[in-house]
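Reviewing the structure listed below.
The values are calculated or read from the model by the stated rules, or taken from the named source; none is laboratory data. In this text, all values refer to a predicted model and were calculated from it rather than measured experimentally. Please note: Cβ atoms are built from the backbone with ideal geometry, for glycine as well, and neighbour counts cover all protein chains shown. Quick note on the areas: whole protein, heavy atoms, side chains included, nothing else; ligands and nucleic acids left out. Shrake-Rupley method; radii C 1.70, N 1.55, O 1.52, S 1.80 Å.
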Amino acid sequence: MRLAELSERSGVAIATIKYYLREGLLPPGRRVSATTADYDEGHLRRLRLVRAMIQVGQVPVANVRKVLGHVDDESLGRTIRLGAALWALPREPEPADGDGDGGAEDEAMAAARAEVDSLLRALGWSTAREVGELSPVHRSLVAAVATLMRLGYPWDAALMAPYAQLMHQVAVRDLDFVETHPSEAEQVETAVAATILFRPVLNALHRLAQEEESARRYGLE
């Protein structure tokens, strides 16, 4: 397809597509003349992923480029390739270990690390334990648990375990969906897009489920 058709099918303006091409977010099309290139379904799929990251995920262009670099890195195994791409997505800022007085803040972080490690051992999540603090997701979990502890909500391993088991079921569904796509590159692309686009859906379903269960237990009064 030509650039005009790519624009029409994707809903992205030609000027924006040209910007993505200049920034390396979209691979160049197959050159058919000095001024014309041909694009395929892979370009359309990639364009949708870029739009999801920038428009929905509010991911800066530099981060998008980094994520796509991992998506396209065929030298990596599938797990590492997917993990690297997802790690490159922006996350909430991680709180510092302490508040400068060396007191309760540091103790909370240490306690949170111990509880997270206990949780991962109990679940048998060996990969998560081995990667540990190298993972920004692991660090975010520790920081979140530490914050709960400081606020008087001691979320220990036993309390987290049922939630973790439910999230593992979600992860199974995620990868079942990802594996419906034929190529490894498409699978990684889909996983990145799902991470951005499905989060609002999961959050909304969580809230609706809470409302439904509250009504069942306590009525609508």
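For the pair R31 and L166, the difference between a 0.36 nm per residue extended length and the Cα-Cα distance amounts to 43.7 nm. If the segment from A110 to A4 were pulled out straight at 0.36 nm per residue, it would be longer than the present Cα-Cα gap by 32.5 nm.
What does the accessible area per residue of the stretch 106-221 come to in Å², with a 1.4 Å probe and no ligands, DNA or RNA counted?
Per-residue accessible area for the stretch 106-221 comes out at 66 Å².
Phi-derived couplings, Karplus 6.51 cos²θ - 1.76 cosθ + 1.60 at θ = phi - 60°, listed residue by residue for the stretch 197-208: 7, 7, 4, x, 5, 5, 4, 5, 4, 4, 5, 4 Hz, with x used for Gly and Pro.
In whole angstrom, how far apart do the alpha carbon centroids of the stretch 106-124 and the stretch 146-202 sit? Cα centres, the stretch 106-124 to the stretch 146-202: 19 Å. Output the 0 to 90 degree angle, nearest 10, between the alpha-carbon long axis of helix 104-123 and the longest principal axis computed from the alpha carbons of the chain. Roughly 70 degrees between the two axes. Amide H contacts for D38 (H built 1.01 Å from N in the peptide plane; partners 5 or more residues away or on another chain; cut-off under 5 Å): R30, R31, V32.
Spacing of the modelled spin labels on L159 and R22, each 7 Å from Cα toward Cβ, amounts to 5.2 nm.
Phi angles of the stretch 148-157 translate, via the Karplus equation with coefficients 6.51, -1.76, 1.60 and θ = phi - 60°, into HN-Hα couplings of 4, 5, 5, 8, x, 10, x, 7, 9, 4 Hz per residue; Gly and Pro are given as x.
Quick check: at a probe of 1.4 Å, how many percent of the accessible area of the chain sits on carbon and sulfur atoms?
For the chain, the apolar C and S fraction of the accessible surface comes to 56 percent.
Given springs between every Cα pair under 10 Å in a Gaussian network model of the chain, which of V50, V192, V170 has the largest fluctuation? Judging by the Gaussian network model, the answer is V170. A simple rule links phi to the HN-Hα coupling: the Karplus curve 6.51 cos²θ - 1.76 cosθ + 1.60 with θ = phi - 60°, which for the stretch 135-147 gives 8, x, 5, 4, 5, 5, 5, 4, 4, 5, 5, 4, 4 Hz, with x for Gly and Pro.
For the pair R129 and L151, a Förster radius of 22 Å applied to the C-beta separation gives a FRET efficiency near 0.25, rounded to the nearest 0.05.
Rolling a 1.4 angstrom probe over the protein heavy atoms with all chains in place gives the stretch 1-55 an accessible area of 56 Å² per residue. Loop-resident GluC sites (Glu not before Pro) (DSSP state other than H, G, I, E or B) in the stretch 1-80 with no more than 14 further Cβ atoms inside 10 Å of their Cβ: E23, E74. Counted without the sites themselves, the longest stretch of the chain free of trypsin sites (Lys or Arg not before Pro) in a DSSP loop having at most 16 other beta carbon atoms within 10 Å is 92-221.
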